[in-house]
2 protein chains.
Amino acid sequence: MDPAEFQRPLNFCQACAVRNRAICADLDEGEIDLLNRIGRRQRLRAGDQLLWEGDEAVLVANVVEGVLKLSTQTADGREQILGLAYPSDFLGRPFGQLTPYGVEALTDALVCVFQRSDFDRFAREHPRLEHKLLERTLTELDRTRRWMLLLGRMSAEQKLAAFLIEMSERLSPATCAAEPGAIDTLELPLSRQQIADVLGLTIETVSRQFTRMKAEGLIDLPSRRDVRILQRAALEDRAA
Amino acid sequence: MDPAEFQRPLNFCQACAVRNRAICADLDEGEIDLLNRIGRRQRLRAGDQLLWEGDEAVLVANVVEGVLKLSTQTADGREQILGLAYPSDFLGRPFGQLTPYGVEALTDALVCVFQRSDFDRFAREHPRLEHKLLERTLTELDRTRRWMLLLGRMSAEQKLAAFLIEMSERLSPATCAAEPGAIDTLELPLSRQQIADVLGLTIETVSRQFTRMKAEGLIDLPSRRDVRILQRAALEDRAA
DNA sequence: CGAATTGTTGATTGAGTTCAATGCAGGTGG
DNA sequence: CCACCTGCATTGAACTCAATCAACAATTCG
């Protein structure tokens, strides 16, 4: 890995792509400086593991670029992906002993990492940060609960349609936060197997649904990882 | 309803059954007094609705006694229960505009209700409360994510076994928090239909699984709402 | 007691899994 | 440059578990 990645510029927060959306958004200059001192940036390659399920929770992190997956194993070794993390999302378990799920980079990624002990202390001393983290956690809980509905009640077709819609929304110009502009051409950061693990399906079912949606003209599949949404409204209907 | 339920004793927090476990646990006397002033206790009958999905979020609450369900509807009208709330659990969506799910009492219940605006203000002025709420929300997020695994990957048998194990743990002497002592005789606060909605199954499948577990000697069913766990270890194996 | 609600049981169906074969792209080395 | 491998993805066929449809039993309630 390039050793330059580990150098610490005077204050990397200032140029941070997620500066206005992540939990550090409300901090003032002095606080940012302090936070900057206890954190470091780390670049991850697709496939790199950042946190291991069950490990002692020593790290927390903020996603700056890229997409990561949170996952856990079933007793029989299959994987269930618990969620995906996009830029400005928070990773890890503050104020807890154990990391409750594994975190792995799906694409090349850039994260802002803290020792949990440092972060916990900082958070307790800076209520504005803690408040942001609370808001984010509440939002994430809502999102996760809505996803339960998907897993518990939806058909394979509905699951994949919903997945594609969500992807197109969260993958849109990674930079912008405000406008929820969805894009129609997307490069999936997940393999078929990983999509299956997100949706609680098998790879074969995912593949068949892709094929069917393509045959029906809802989407086009220029290559394995590329999807073009041709009829968004119709796709949204299927996701109902 | 008994009007005595609405009287406000000088400080009902002092005698509160969940005083040491709920988010108010770390507050000092003065803070408790203030909180006491903005909240009120409300008794609910089984079946009463406390919050409606999609409504403006005007209330938040703490569960003191009883079991409530959080739920949402699918487009085609079926219900998915997103989670259950037990004593000391927190309900509602602080710092948010909309209530993201409905809340209904499954048993008679006692809750401690706040206007969201009052609560939000109080929370922002009292970081210790906000911290407790954050810890609780993080724990709830972890629990919810583990439940996703259940919905996404488990068979009907595994789902029901896991449900019974969890119930027996969370229903145990509602008073105690520390010791995780599970009980072997429980009165279910849910109908068959509601269990089905929690587990993402149909009522028939739930019924069949109950019958089978009874036939296999894992449990006994003295009545519709009563379950006696006869072989906990074996039941836990099924929940794997 | 009869009506209504809730739960159980049986028969059938079907969506999604499993097992198995084939296709396809990106390397690697002869 | 092409043959060959390897890992992912697609397609097909058989099977399975849970959903659905339907009848019936048990409780609850007026």
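What to note about this one:
- Projecting 7 Å from Cα along the Cα-to-Cβ direction, the label point of residue B:226 sits 6.7 nm from its equivalents in the other copies, listed shortest first.
- Quotient of the Cα radius of gyration of the protein assembly as shown and 2.2 N^0.38 Å, N being its number of residues: 1.02.
- Estimated distance in nm for a label pair at residue B:214 and residue B:73, the labels positioned 7 Å out from Cα along Cα-to-Cβ: 3.3 nm
- The spacing between the range B:183-218 and the range A:130-209, judged by their C-alpha centroids, is 31 Å.
- Pair-distance profile P(r), taking every C-alpha pair of chain A, with 5 angstrom steps and integer %: 1, 6, 12, 17, 19, 16, 12, 8, 5, 3, 1, 0
- Euclidean distance between Cα centres, the range A:21-53 to the range B:20-84, Å: 34 Å
- Dipole magnitude (debye, nearest 20) for the protein assembly as shown, charges at Cβ of Lys, Arg, Asp, Glu: 700 debye
- Degrees, to the nearest 10: A:156-170 long Cα axis against longest axis of chain A: 40 degrees
- Across the options B:38, B:168, B:235, the greatest Cα extent toward the positive end of the charge dipole of the protein assembly as shown (unit charges at beta carbon of Lys, Arg, Asp, Glu) belongs to B:235.
- If you model the range A:84-208 as an ellipsoid using its alpha carbon gyration tensor, with each semi-axis the square root of five times an eigenvalue, the axes come out at 30, 17, 15 Å, biggest first.
- Sparsely packed trypsin sites (Lys or Arg not before Pro) within the range B:1-107, loop by DSSP, other Cβ within 10 Å at most 14: B:45, B:78
- Pairs of Cα atoms nearer than 8 Å and 6+ residues apart set the relative contact order; for chain A it is 18 percent.
- Local electrostatic count, residue B:69, Cβ distance below 10 Å [Lys/Arg +1, Asp/Glu -1]: -3
- Taken about its Cα centre, the range A:154-239 carries a charge dipole of about 280 debye when Lys and Arg each add +1 at the Cβ and Asp and Glu each add -1 at the Cβ.
- In the distance distribution for the range A:180-240, Cα-Cα pairs more than 18 Å apart total 36 percent.
- Listed residues B:62, B:12, B:154: farthest to the positive end of the dipole of chain B (Cβ charges): B:154
- Taking Lys and Arg as +1 and Asp and Glu as -1, the other residues whose beta-carbon sits under 14 Å from that of residue A:121 total -2.
- Formal net charge of residues neighbouring residue A:222 (Cβ-Cβ distance under 11 Å; K, R +1; D, E -1): +1
- Spacing of the modelled spin labels on residue A:55 and residue A:207, each 7 Å from Cα toward Cβ, amounts to 3.3 nm.
- In degrees, nearest ten, helix B:127-153 long axis to first principal axis of chain B (Cα): 20 degrees
- As a rough footprinting exposure proxy, the listed residues A:237, A:76, B:142 were ranked by other beta carbons within 10 Å of their own, and the order from fewest upward is A:76, A:237, B:142.
- Stretchable slack from residue A:108 to residue A:191, in nm (0.36 nm times residue separation minus alpha-carbon distance): 28.4 nm
The numbers here are math on the coordinates, done by the rules we state, and not lab data. Nothing here was measured: the structure is a model prediction, and the numbers come from that model. We place every Cβ from the backbone using ideal geometry, glycine too, and count neighbours over all the protein chains shown.
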